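The values are calculated or read from the model by the stated rules, or taken from the named source; none is laboratory data. Please read these numbers as outputs of a predicted model, since none were measured by experiment. Here the Cβ positions follow ideal geometry from the backbone for every residue, glycine too, while neighbour counts run over all protein chains shown.
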């Protein structure tokens with residue numbers, strides 16, 4: 001039986017925000033833009049509000065007490081950052097960095113808590129998003145690392161394909177995924193066999209975005 005990831009409700013949060021401009025005005029929700037490599041949140045710092053990713057890619061990392069840096073994931077639209085810290089009144093648990101140009105819906109912690117209290121649909125979406133994160137964490141611990149990397153690579157390729165000016169190099173993909181060149185070569189070779197990408201001289205020269213999206217959807221399904 002093939003494991004599948006739960007991501008539907010994260011994307012629904014972004015759709016909800018886009019569909020309710022009056023709500024954005026009522027709760028004074030602002031729009032924030034970041035450039036590639038900008039740091040959105042830094043591990044250990046005081047909470048600075050809640051950010052809902054509307055477009056772009058972010059990388060989430062955490063440094064242990066032994067100074068080991070771990071990449072927790074690369075995430076696309078619908079990812080919510082700072083929500084747990086707002087609820088728990090705690091410093092930021094991870095560092096969040098923009099990998100591509102990013103646009104966020106931003107609200108203070110107080111605005112976020114008010115939105116949860118007064119908007120039932122948003123409250124339910126947030127609960128389902130948090131539940132999906134817990135489910136994904138459990139799934140990720142039960143499947144092989146290669147499968148996780150394969151899924152993340154598909155997400156990254158899909159998002160980068162929309163940036164026409166960006167050359168997708170093996171070096172860039174290795175950095176974004178936090179993996180070795182050997183692992184990346186193996187994954188790209190598999191995607192080439194499936195006719196999803198063409199790689200030449202260290203660059204992804206062509207990719208089949210529609211087929212990649214279909215592959216991603218094999219992992220994704222709605223939580224009922």
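Taken over the range 109-148, the residue count meeting the criterion of being at pLDDT 80 or above and more than 18 Å from residue 20 (Cα to Cα) is 7.
Looking at the range 7-26, is at least one residue farther than 23 Å from residue 123 by Cα, assigned to a loop (DSSP other than H, G, I, E, B) and under 18 Å from the mean Cα position of the chain (by Cα)? The answer is no; no qualifying residue exists. Within the range 98-108, the set of residues being within 13 Å of the chain's Cα centre (by Cα), surrounded by 19 or more Cβ atoms within 10 Å (Cβ to Cβ) and outside any loop (DSSP other than H, G, I, E, B) comprises 98, 102, 104.
Matching residues to (1) out of contact with any strand residue (DSSP E or B) (no Cβ under 7 Å at 6 or more places or on another chain); (2) closer than 18 Å to residue 162 by Cβ; (3) surrounded by fewer than 18 Cβ atoms within 10 Å (Cβ to Cβ); (4) modelled with pLDDT under 90:
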{"residue": "58", "(1), (2), (3), (4)": "no, yes, no, no"}
{"residue": "66", "(1), (2), (3), (4)": "yes, no, yes, yes"}
{"residue": "71", "(1), (2), (3), (4)": "no, no, yes, yes"}
{"residue": "90", "(1), (2), (3), (4)": "yes, no, yes, no"}
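Does residue 36 count as in contact with a strand residue (DSSP E or B) (Cβ under 7 Å, 6 or more places away or on another chain) and part of a loop (DSSP other than H, G, I, E, B)? Considered against the rule, which asks whether it is in contact with a strand residue (DSSP E or B) (Cβ under 7 Å, 6 or more places away or on another chain) and part of a loop (DSSP other than H, G, I, E, B), residue 36 comes out as yes. Among the residues of the range 189-221, the ones that are touching a residue at least 24 places away in the same chain (Cβ under 8 Å) and part of a helix (DSSP H, G or I) come to 7 in all.
Selection within the range 41-56: residues that are surrounded by 13 or more Cβ atoms within 10 Å (Cβ to Cβ) and within 19 Å of residue 110 (Cβ to Cβ). The member of this set that is modelled with the lowest pLDDT is 48. The set of residues in the range 59-97 that are within 13 Å of residue 178 (Cα to Cα) and under 17 Å from the mean Cα position of the chain (by Cα) comprises 59, 60, 61, 62, 70, 71, 72, 73, 74.
Residue 84 falls short of the stated requirement of being more than 30 Å from residue 150 (Cβ to Cβ) and surrounded by 14 or more Cβ atoms within 10 Å (Cβ to Cβ). Residues in the range 115-132 that are surrounded by 15 or more Cβ atoms within 10 Å (Cβ to Cβ) and in contact (Cβ under 8 Å) with a residue 40 or more places away in the chain: 115, 119, 122, 125, 126, 128, 129, 130, 132.
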